[in-house]
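This report refers to the structure that appears directly beneath it.
The values are calculated or read from the model by the stated rules, or taken from the named source; none is laboratory data. It should be emphasised that the depicted structure is a prediction, and the values quoted were computed from it without experimental measurement. Positions of Cβ are generated from backbone atoms using ideal geometry, with glycine treated the same way; all protein chains shown enter the neighbour counts. Side chains included, ligands, DNA and RNA excluded: accessible areas come from the protein's heavy atoms. Shrake-Rupley method; radii C 1.70, N 1.55, O 1.52, S 1.80 Å.
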Amino acid sequence: MYAIIQARGHQLKVTPGAVIEIDGPPGEVGSEFNFDQVLLVEKDAGEILAGAPYVANARVLGIVDGEARGPKLRV
């Protein structure tokens, strides 16, 4: 099972238990975050639901695990 979501201008493939990084302030650590812009869902049975542009009544629930800061680049 996996889903392709749109989060802050990026499309990400997510699976149950996956850890993803998104841009911007996510919220407090331990809080829930709902992604309601689901573009595609693939179920365990192999059934694929594609949205136009989003899959109706589909959402992905995530929990904020922490905040990470990447390296700074000077150009």
Query raised in the report: List, please: which pairs have Cβ atoms under 8 Å, are six or more places apart or on different chains, and start with a residue in region 40-56 that is within 17 Å of H10 (Cα to Cα) and end with one that is among the charged types (D, E, K, R)?
Result: Y54/D36
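Take the residues in region 17-26 that are open to solvent by 100 Å² or more (accessible area, probe 1.4 Å) and modelled with pLDDT of 85 or more, then tell me which one is farthest from M1 (Cα to Cα).
Our first condition is that a residue be open to solvent by 100 Å² or more (accessible area, probe 1.4 Å); within region 17-26, this holds for 19, 21, 25.
Then drop every residue that is not modelled with pLDDT of 85 or more, which leaves 19, 21.
Numbers: V19: 15, E21: 20 Å.
Top of the filtered list is E21.
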Query - Residue that is open to solvent by 40 Å² or more (accessible area, probe 1.4 Å) and modelled with pLDDT of 85 or more, where the choices are V29, V14, V38 - result: V29
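When you check G70 against the structure, is it of a type in the set (G, A, S) and over 11 Å from the mean Cα position of the chain (by Cα), yes or no? Spell out how you get there, then give the answer.
Details: of a type in the set (G, A, S): yes; over 11 Å from the mean Cα position of the chain (by Cα): yes.
The answer is yes for G70.
Any residue in region 29-51 that is assigned to a strand (DSSP E or B), among the acidic types (D, E) and either within 13 Å of the chain's Cα centre (by Cα) or within 19 Å of R69 (Cα to Cα) (or both)?
Among the residues of region 29-51, at least one is assigned to a strand (DSSP E or B), among the acidic types (D, E) and either within 13 Å of the chain's Cα centre (by Cα) or within 19 Å of R69 (Cα to Cα) (or both), which makes the answer yes.
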Query raised in the report: Looking only at region 52-75, which residues are open to solvent by 90 Å² or more (accessible area, probe 1.4 Å) and not in a loop (DSSP other than H, G, I, E, B)?
Result: L61, I63
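Within the group I48, I20, which residue is touching an Asp or Glu at 6+ places or on another chain (Cβ under 7 Å) and of a type in the set (V, I, T)? Don't jump to the end; show me each part of the working.
Working: I20 fails: touching an Asp or Glu at 6+ places or on another chain (Cβ under 7 Å).
Exactly one residue qualifies, and that residue is I48.
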